[in-house]
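Presented below is the structure to which this report refers.
The values are calculated or read from the model by the stated rules, or taken from the named source; none is laboratory data. Keep in mind that this is a model prediction, so the values were computed, not measured. Quick reminder, even Gly has a Cβ in these numbers, built from the backbone with ideal geometry, and neighbours come from all protein chains shown. We work out accessible area using only protein heavy atoms, side chains counted, and drop any ligands, DNA or RNA first. Shrake-Rupley method; radii C 1.70, N 1.55, O 1.52, S 1.80 Å.
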Amino acid sequence: MVMIAVGSWTFLALSPPFIVESSPTIRLLHSLTRELVKGHFNGNYHGVPNGARLKDLRPGGVILLHNQNGAYGYWTHAVLYVGGGKAIDANDFSRGTILSPMPGYLTYDELSVFRPQISAFQKQQVVQSALQKLGYPYNPFAPIQDQHSEYCSKLVWHAFHDSGVQLCPAYQWVLPDDLAHSKVLHQVADWKHG
Amino acid sequence: MRWTGLARKYFYSYLLTITLSLLLSILVPDHLWTQEFVGALWAVFVLSTSVKAMTRGESASPLLRAGLFSQLPGIFIGTISLVTTMLNHPWEWAEGLLELWTYPFLPLEEKIKSTASSAFSTTFLLSCLVPAVLACIPLFGSFITVVRAKIFGYETSVWEKH
């Protein structure tokens, strides 16, 4: 059994791109196997300041973050700005879904701000539905259909979905990269370390 | 059967339960009940094995020892993850492993609504406790045997020993 587990793990971690890109599930498993080996279970990261300015943020904006040592795609983490210098974040099993102060995100290697092309009322609804998820447990394995737990990009996807906005198709697992390719989101600012 | 044999039985069957529930969450993500079912099946297996061992003449303490040893990795990971969380996450291994170790019971834990105000997620705290609770299942099995013997007036070896 151990040999099968190690074999499947190695196969998933070293799969060539054409296998990885064949399905969102395999893509997630590929990322997870690479991430777990490094001991990275969430998108949290403390690097050096990326120089981002918080004045570009508006409630309902999506922030995508890149960590050079992370996985899950180019964008390793996603949060939703809810105003007051805070973002709603689900990246930690011990704390679940929480409100996190923005300065915590200023040390990622890259921070990108995306603004949704929706009405002000819808943005308000997105923030409200995200806030209703506060306290939800963090479960990176839970698929999009699961309504009991969240992980970073699933939380963002759910907040928009519950307000009637579809950011991207409802894949089993929605990754931050899927949000970056959303036609609803428009990139307004980007800061890179160095 | 010696308690080490029982401990091994509980431990390997639990590893199989984790693997199965992880596979089920990938294969049938819409049906979380399948994970709950696999977890419940393991609990019933441990319970019935313990009851069988008791009726064969085993006493309660080796059963408890077997339960504790089979869940020792979970108890260890739970303690470490509590400590590392309090130390502001110097590393994330413990939390991730704890989530994996308690995965078959995660859908159940998630049904208990977390409060946003507390420093820790309710699911996380429950996950820290789950290995200890699972370790006590064989003890519950011995309790069932004793109660059953009392109700139906069995002459079990449990009574002979006491």
remark   = The condition from (1) surrounded by fewer than 21 Cβ atoms within 10 Å (Cβ to Cβ); (2) away from chain B (no Cβ under 14 Å) that A:Ile144 misses is numbered (2)
remark   = Filtering the stretch A:38-63 for residues that are at pLDDT below 80, within 13 Å of A:Val113 (Cβ to Cβ) and of a type in the set (A, V, I, L, M) leaves a count of 1
ask   = Can you name the helices (runs of 4 or more DSSP H) wholly within the stretch B:51-130 that have at least 3 residues being at the interface with chain A (Cβ under 9 Å from one of its Cβ atoms), touching a helix residue (DSSP H, G or I) at 6+ places or on another chain (Cβ under 9 Å) and modelled with pLDDT of 85 or more?
value = B:72-86, B:93-101, B:106-110
ask   = Take the residues of the stretch A:74-90 that are part of a loop (DSSP other than H, G, I, E, B) and farther than 18 Å from A:Glu150 by Cβ: which is modelled with the lowest pLDDT?
value = A:Tyr74
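Are any residues in the stretch B:131-151 open to solvent by 30 Å² or more (accessible area, probe 1.4 Å), closer than 17 Å to B:Phe105 by Cβ and of a type in the set (A, V, I, L, M), and if so, which ones?
The answer is B:Ala132, B:Val133.
Among the residues of the stretch A:112-131, are any open to solvent by 40 Å² or more (accessible area, probe 1.4 Å) and within 11 Å of chain B (Cβ to nearest Cβ)?
Residues of the stretch A:112-131 open to solvent by 40 Å² or more (accessible area, probe 1.4 Å): A:115, A:117, A:119-125, A:128, A:131.
Cutting the leftovers down to within 11 Å of chain B (Cβ to nearest Cβ) gives us A:131.
Checked against the condition, which is being open to solvent by 40 Å² or more (accessible area, probe 1.4 Å) and within 11 Å of chain B (Cβ to nearest Cβ), the stretch A:112-131 yields at least one hit.
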request  = Scan the stretch A:92-102 residue by residue and report those that are open to solvent by 10 Å² or more (accessible area, probe 1.4 Å) and in contact with a helix residue (DSSP H, G or I) (Cβ under 9 Å, 6 or more places away or on another chain).
outcome  = A:Arg95, A:Leu99
inquiry  = What are the pairs with Cβ atoms under 7 angstrom where one residue, in the stretch B:23-42, is among the charged types (D, E, K, R) and the other, located anywhere, is open to solvent by 50 Å² or more (accessible area, probe 1.4 Å)? Sequence gap at least six, or different chains.
reply    = B:Asp30/A:Gln145; B:Glu36/B:Leu108
key: Out of A:Tyr105, A:Tyr81, sole residue that is crowded, with 24+ Cβ neighbours inside 10 Å, over 12 Å from the mean Cα position of the chain (by Cα) and under 30 Å from A:His30 (Cβ atoms)   = A:Tyr81
remark   = Of those in the stretch B:41-56 that are open to solvent by 50 Å² or more (accessible area, probe 1.4 Å) and of a type in the set (A, V, I, L, M), the residue nearest to B:Gly141 (Cα to Cα) is B:Val44
request  = Only residues that are within 14 Å of the chain's Cα centre (by Cα) and surrounded by fewer than 16 Cβ atoms within 10 Å (Cβ to Cβ): list them for the stretch B:16-36, please.
outcome  = B:Leu16
